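Asker: Take a look at this one; I'll ask things after.
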Amino acid sequence: MYKSGFVTVIGRPNVGKSTLLNKIIGEKISIISNKPQTTRNKIQLVYTEEEFQIVFLDTPGIQMPRNKLGKYMLKISRETLEEVDIISFMVDESSEIGKLDSYIIEQLKSVKTPIILLINKTDKISKDETNQLILKYEKMNMFKEIIPISAIDGKNIQIYIDSIKKLLPEGPQYFPEHMITDKPERFIISEIIREKALESLQEEVPHGIYVSIEQIKERKEKDLIDVHANIYCEKESHKGIIIGKGGKMLKEIGKNARIDIENLLGSQINLQLWVKVEKNWREKEGKIKYFGYK
């Protein structure tokens with residue numbers, strides 16, 4: 001009997017969802033940053049074994065929206081709860097349950113889908129502290145399984161996979177076994193560039209960034225791929241920050257992105273970046289849709 005199903009991984013921003021999924025898949029598909037709003041889209045990541053297939057859904061972190069893009073991201077995260085076979089709710093090692101985690105827990109109380117609770121970052125706390133956290137969440141009587149993990153070093157991830165397998169329904173293989181994501185290379189490349197911008201730029205600037213891939217062209221005679229991309233931002237002042245003095249910041253973003261893109265494509269690349277202004281695009285429904293958030 002072949003088993004398959006869809007599993008969403010939800011939680012507040014920066015709790016480690018994308019780190020976990022990249023670890024499971026073995027490739028860097030979802031971008032990682034210590035800044036909120038890193039994941040904006042619903043990304044499907046496919047894990048296939050001989051007897052089962054898990055389609056993971058990496059969704060935006062659940063938070064209170066500040067603009068129309070934020071409302072879109074919250075809508076995506078909420079809708080996903082109704083579409084999946086299993087929900088994975090991730091928290092971290094904090095001894096106190098914060099406002100946002102409490103808000104998510106309230107949302108989950110009305111959901112009939114089986115929920116696995118993942119307590120991430122347990123490498124930072126003692127075994128006794130971990131056990132106390134498990135007891136605290138057990139008292140809620142909401143979770144099929146409670147699994148302490150460390151996404152960054154892989155602790156107990158196999159236990160998590162085995163727990164999903166037990167709960168999966170009988171079903172078909174949705175994707176070919178070699179496929180690890182439903183997203184095209186263009187999307188992954190644009191996300192890599194955005195990740196490097198998130199890492200390098202000041203607090204407010206990265207949230208207003210969108211990366212558009214304008215061209216991917218292979219030069220067969222030189223074993224080289226040309227990648228041309230536009231980085232959109234919301235203000236002229238942000239454009240200056242992204243470019244930096246003498247183009248220093250843009251060069252840093254490009255240099256860091258090039259390494260990951262070359263690993264992805266398995267080839268040398270010539271990466272060309274341009275910076276353009278699209279004022280307050282996160283508040284414009286038409287622009288949000290045009291940039292692919294729909």
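Asker: For region 70-100, which positions are surrounded by 17 or more Cβ atoms within 10 Å (Cβ to Cβ), modelled with pLDDT under 90 and in a loop (DSSP other than H, G, I, E, B)?
Answerer: Of everything in region 70-100, just one residue is surrounded by 17 or more Cβ atoms within 10 Å (Cβ to Cβ), modelled with pLDDT under 90 and in a loop (DSSP other than H, G, I, E, B), namely VAL84.
Asker: Being closer than 23 Å to ASN22 by Cβ, touching a residue at least 12 places away in the same chain (Cβ under 8 Å) and part of a helix (DSSP H, G or I) is the filter here, so list the residues in region 136-160 that pass it.
Answerer: Once the filter is applied, which keeps residues that are closer than 23 Å to ASN22 by Cβ, touching a residue at least 12 places away in the same chain (Cβ under 8 Å) and part of a helix (DSSP H, G or I), region 136-160 yields ILE157, ILE159, TYR160.
Asker: Can you go through LYS284, LYS220 and tell me which one is at pLDDT below 85, surrounded by 14 or more Cβ atoms within 10 Å (Cβ to Cβ) and out of contact with any strand residue (DSSP E or B) (no Cβ under 8 Å at 6 or more places or on another chain)?
Answerer: LYS284 is the lone residue from the list that is at pLDDT below 85, surrounded by 14 or more Cβ atoms within 10 Å (Cβ to Cβ) and out of contact with any strand residue (DSSP E or B) (no Cβ under 8 Å at 6 or more places or on another chain).
Asker: Starting from residues that are in contact with a strand residue (DSSP E or B) (Cβ under 9 Å, 6 or more places away or on another chain) and among the small types (Gly, Ala, Ser), keep the ones in region 112-165 and report whichever is surrounded by the most Cβ atoms within 10 Å (Cβ to Cβ).
Answerer: In this case the residue turns out to be ALA151.
Asker: Just the residues that are under 20 Å from the mean Cα position of the chain (by Cα) and assigned to a loop (DSSP other than H, G, I, E, B), please, taken from region 191-202.
Answerer: The answer is LEU201, and nothing else.
Asker: Something else now. Quick one: in region 189-209, of everything that is of a type in the set (A, V, I, L, M) and at pLDDT 80 or above, which residue is nearest to ILE231 (Cα to Cα)?
Answerer: Ranking the qualifying residues of region 189-209, first place goes to ILE209.
Asker: Of the conditions (1) acidic (Asp, Glu); (2) surrounded by 16 or more Cβ atoms within 10 Å (Cβ to Cβ); (3) not assigned by TED's automatic domain parsing to the domain that holds LYS17, ASP226 fails just one. Which one is it?
Answerer: Among (1) acidic (Asp, Glu); (2) surrounded by 16 or more Cβ atoms within 10 Å (Cβ to Cβ); (3) not assigned by TED's automatic domain parsing to the domain that holds LYS17, ASP226 violates only (2).
Asker: Under the condition of being assigned to a loop (DSSP other than H, G, I, E, B) and hydrophobic (A, V, I, L, M, F, W, C), which residue from region 102-135 is farthest from the chain's Cα centre (by Cα)? Before the answer, list the steps.
Answerer: Restricting attention to region 102-135, the residues satisfying the condition of being assigned to a loop (DSSP other than H, G, I, E, B) are 109-114, 120-121, 125-126.
When the remaining residues are screened for being hydrophobic (A, V, I, L, M, F, W, C), the result is 111, 125.
Numbers: VAL111: 23, ILE125: 25 Å.
So the residue we want is ILE125.
Asker: Any residue in region 55-63 that is at pLDDT below 85, of a type in the set (Gly, Ala, Ser) and assigned to a loop (DSSP other than H, G, I, E, B)?
Answerer: To start, the set of residues in region 55-63 that are at pLDDT below 85 comprises 57-63.
Now drop any that are not of a type in the set (Gly, Ala, Ser), which leaves 61.
Now drop any that are not assigned to a loop (DSSP other than H, G, I, E, B), which leaves 61.
Yes, some residue in region 55-63 is at pLDDT below 85, of a type in the set (Gly, Ala, Ser) and assigned to a loop (DSSP other than H, G, I, E, B).
Asker: Just checking, does region 229-245 include any residue being assigned to a helix (DSSP H, G or I), at pLDDT below 85 and acidic (Asp, Glu)?
Answerer: No; the residues of region 229-245 include none that is assigned to a helix (DSSP H, G or I), at pLDDT below 85 and acidic (Asp, Glu).
Asker: Assigned by TED's automatic domain parsing to the domain that holds THR8 and at negative phi: does that describe LYS155? Don't jump to the end; show me each part of the working.
Answerer: Details: assigned by TED's automatic domain parsing to the domain that holds THR8: yes; at negative phi: yes.
The answer is yes for LYS155.
Asker: Could you figure out which of (1) at pLDDT 90 or above; (2) under 24 Å from PHE52 (Cα atoms) isn't true of ILE225?
Answerer: (2)
Asker: Which residues, taken from region 164-190, are part of a helix (DSSP H, G or I) and either under 21 Å from the mean Cα position of the chain (by Cα) or more than 22 Å from PHE89 (Cα to Cα) (or both)?
Answerer: Listed by number, the residues that qualify are ILE164, GLU185, ARG186, PHE187, ILE188, ILE189, SER190.
Asker: If you don't mind, there's one more thing I want to ask. Hey, among the residues in region 255-272 that are buried (at least 16 other Cβ atoms within 10 Å of the Cβ) and among the β-branched types (Val, Ile, Thr), which one's nearest to the chain's Cα centre (by Cα)?
Answerer: Per the criteria, the residue is ILE261.
The values are calculated or read from the model by the stated rules, or taken from the named source; none is laboratory data. All values derive from a computational prediction rather than experimental measurement. As a convention, Cβ positions derive from the backbone with ideal geometry for all residues, glycine included, and neighbour counts pool all protein chains shown.
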